[in-house]
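The values are calculated or read from the model by the stated rules, or taken from the named source; none is laboratory data. Worth saying up front: this structure is predicted, and the values here are computed from it rather than measured. Cβ atoms come from the backbone with ideal geometry, glycine included; neighbour counts cover every protein chain shown.
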Amino acid sequence: MSGNGVFRIVVGVDGSAPSRVALEWAVDEARRRNGEVQAVTAWQFPTVTVGMEGLVQDPEVFSQAARRLQEETLKRVDSTGVLVNGEVVQGGAASVLLQAAEKADLVVVGSRGLGGFTGLLLGSVSAQLVHHSPSPVLVVRARHGDGE
């Protein structure tokens with residue numbers, strides 16, 4: 001249990017179908033345990049190559065896009081009766097989720113997010129979490145027809 005005595009589930013949200021299914025699972029589990037969900041979305045500045053430096057004038061566009069993506073995903077999931085907090089953090093997904101895992105009873109992620117290679121069974125973020133998380137990790141696969 002987290003410091004406040006409430007079962008706390010951290011879930012990675014990146015807008016992909018597997019992450020939405022992970023969020024749905026986390027909300028359902030939190031409902032069963034009278035717990036709460038912390039939806040975490042990580043974002044990074046894209047790699048810039050020579051000659052592309054001037055393409056993005058406003059660096060806030062990336063954090064705003066991540067925030068919109070998270071808000072849209074949260075709206076699609078019925079969280080009735082469950083406290084769901086959203087957090088958008090700059091950094092790599094694995095490191096951001098590992099940091100959030102320090103205050104979690106459970107971490108839930110989709111089996112493959114937006115950065116994975118099609119056909120990989122476990123994405124790089126999932127693998128990092130499974131091997132390094134201080135909390136238990138559940139990797140949820142999308143159901144057939146949910147975008148996988």
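For this structure, a couple of remarks:
- The single condition from (1) out of contact with any helix residue (DSSP H, G or I) (no Cβ under 8 Å at 6 or more places or on another chain); (2) at pLDDT 70 or above; (3) surrounded by 13 or more Cβ atoms within 10 Å (Cβ to Cβ) that S2 fails is (2).
- Pair list, Cβ under 6 Å, 6 or more apart: the stretch 65-76 residue surrounded by 19 or more Cβ atoms within 10 Å (Cβ to Cβ), other residue assigned to a helix (DSSP H, G or I): T73/R20
- Pairing residues of the stretch 8-25 that are modelled with pLDDT of 95 or more and buried (at least 23 other Cβ atoms within 10 Å of the Cβ) with residues that are assigned to a helix (DSSP H, G or I) and basic (K, R), at Cβ distances under 8 Å and at least 6 apart in sequence or on separate chains, gives V13/R20.
- Among the residues of the stretch 4-29, the ones that are assigned to a loop (DSSP other than H, G, I, E, B), over 10 Å from the mean Cα position of the chain (by Cα) and among the β-branched types (V, I, T) come to 1 in all.
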